[in-house]
Amino acid sequence: MSSRNDSSRNDSSPNDSTRIDRRFQDLAREGRAALVTFVMAGDPDRATSLAILQALPGAGADVIEVGMPFTDPMADGPAIQAAGLRALAAGATLLDTLSLVAEFRQGDPETPIVLMGYYNPIYVHGVEKFLIEAKEAGVDGLIVVDLPPEEDSELCLPALAAGLNFIRLATPTTDAARLPAVLANTSGFVYYVSITGTTGAATPDFSNTAAAVARIKAHTSLPVAVGFGVKNADTAAAIAAHADGVVVGSAIVEALRASLDEKDRATASSVEAVRNLVAEISKGVRAGRS
C-alpha cells in the first residue's frame, strides 16, 4: 500500500485539467523536467516585456511566471525588486499585467501562464473582479507569496473555484507538521524554495534539494518545481535530475537589466539577451536526466 498522503486534494482529473496540469503531464511522459521562467510584467516597458514573453516559449520555457509589479515585495531579492521598480516607473499596473497576458495569449494558446506576486494589489482591485479578468486574459495559476494557508478563504479557494491553479511555496523550514497545511489546497505544482533567503541570494545545496523534493513528493502527487538560486545550465541540470521543474527568475531579470542603457531603457539586444540565457538554461534542464 502506498505511503502517499494525498494532501493535495486538487490534483486535477483529465476532465478539469488546466494548461499547467497538461504541460507537466506531457513532460512527465517525455521523461524530463519543466523549465519555468520568471519575468516581471512591464520591465523595462510594455513593448519589450511583451516581446520577451513572446520569445520565451521558443527559447525553451515550458511554463511562464509573470511578476505583478508591487512597491513592497518581501521575498524578492535585489534583481527582482529593481525589475518591479522599473516596471512601476514605466507605468505598469495590475490591469496592464492582465492586458499583457491577454495579448500574449492571442498568439500562444498553450504555454501556461502563472501570475506571481503579492495580495495587496489583488485585494485593492477586488478578488472576484480580478479572478474573472485573470481567467479571461488566459492566466492559468497564481502564486501569492504573502497569503498563508490560514487565509485560504481570501483568494486560494475562490481561485480554485474559478478554475485557476493556486501554487504554494514550500521552504527548507517547512517541517513535517507544517507541510500538510501547505499542500492542502495547492494545485498545479508545488514550488520548493531551495534556499533560506530572498530570490537570487545564493546557490542551493543540491544534495539537500534532492532530499527535500523526495520528502514533499511522499505527501503529494503534484509535480515539484525548484527555484531560488538557479543561475545557469549547470545548476539547472543538477536540479532537473531530481525535480519535476526548474524555476529561473533572478538570472533572467539580471540578464535583461545588463542589456539596458544607462537610463534603464531597452536596447536592441534586450530581448535577445533573455532569449539566449533561457535557451542555454533549457539545454541544462533537458540534460538533467540524460
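The values are calculated or read from the model by the stated rules, or taken from the named source; none is laboratory data. What you see is a predicted model; the values in this text were computed from it and never measured. Using ideal geometry, Cβ is built from the backbone for each residue, glycine included, and neighbour counts are taken over all protein chains shown. To get the accessible areas, we keep the full protein, side chains included, count just its heavy atoms, and leave off ligands, DNA and RNA. Shrake-Rupley method; radii C 1.70, N 1.55, O 1.52, S 1.80 Å.
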Could you provide, to the nearest whole Å², the per residue accessible area of the stretch 89-160 with probe 1.4 Å? 42
At 37 °C and a viscosity of 0.692 mPa s, what translational diffusion coefficient does Stokes-Einstein give for the stretch 44-160, taking Rh as the Kirkwood radius over Cα pairs? Give it in µm²/s as a whole number. 224
So if I restrict to the alpha-carbon atoms in the stretch 133-290, what is the Rg, and what is Dmax, the biggest pairwise distance, in Å? 17.0, 51
Could you report the accessible area of Thr48 in Å², rounded to 10, computed with a 1.4 Å probe on the protein chains as they sit in the structure? 20
222 nm mean residue ellipticity, helices alone, for the chain (DSSP H n ≥ 4; -39,500 (n - 2.57); rounded to 500): -13500 deg cm²/dmol
The lysines whose Cα lies under 16 Å from the Cα of Lys283, excluding any fewer than 8 residues away in the same chain, are Lys231
So, for the stretch 214-257, what is the accessible surface per residue at a probe of 1.4 Å, expressed in square angstrom? 29
With a cut-off of 8 Å between alpha carbons and a minimum separation of six or more residues, what is the relative contact order of the stretch 155-287 in percent? 19
Unit Cα scatterers, Debye sum, the chain: log10 I(q)/I(0) for q = 0.10, 0.11 Å⁻¹: -0.47, -0.57
If the chain between Thr71 and Ala268 were fully stretched, how many nm would it gain, using 0.36 nm times the residue separation less the Cα-Cα distance? 68.1 nm
Go through the stretch 101-136 and name the GluC sites (Glu not before Pro) that are in a DSSP coil and have 13 or fewer other Cβ atoms within 10 Å of their Cβ. Glu110
How do the peptides 214-224, 56-66, 82-92 rank, highest first, by the average count of neighbouring beta carbon atoms within 10 Å per residue? 56-66, 82-92, 214-224
Here P(r) for the stretch 114-181, Cα-Cα distances in 10 Å bins, as whole percents, is 20, 55, 20, 5
May I ask you to evaluate 6.51 cos²θ - 1.76 cosθ + 1.60, the Karplus curve with θ = phi - 60°, for each residue of the stretch 279-288 and list the ³J(HN,Hα) values in order in whole Hz, giving x for glycine and proline? 4, 5, 5, 4, 4, x, 4, 5, 7, x
Quick one: grab Rg to one decimal and Dmax as a whole number for the stretch 207-281, Cα atoms only, in Å. 15.5, 49
Rounded to the nearest percent, how much of the accessible area of the chain (1.4 Å probe, protein heavy atoms only) is carbon and sulfur? 52
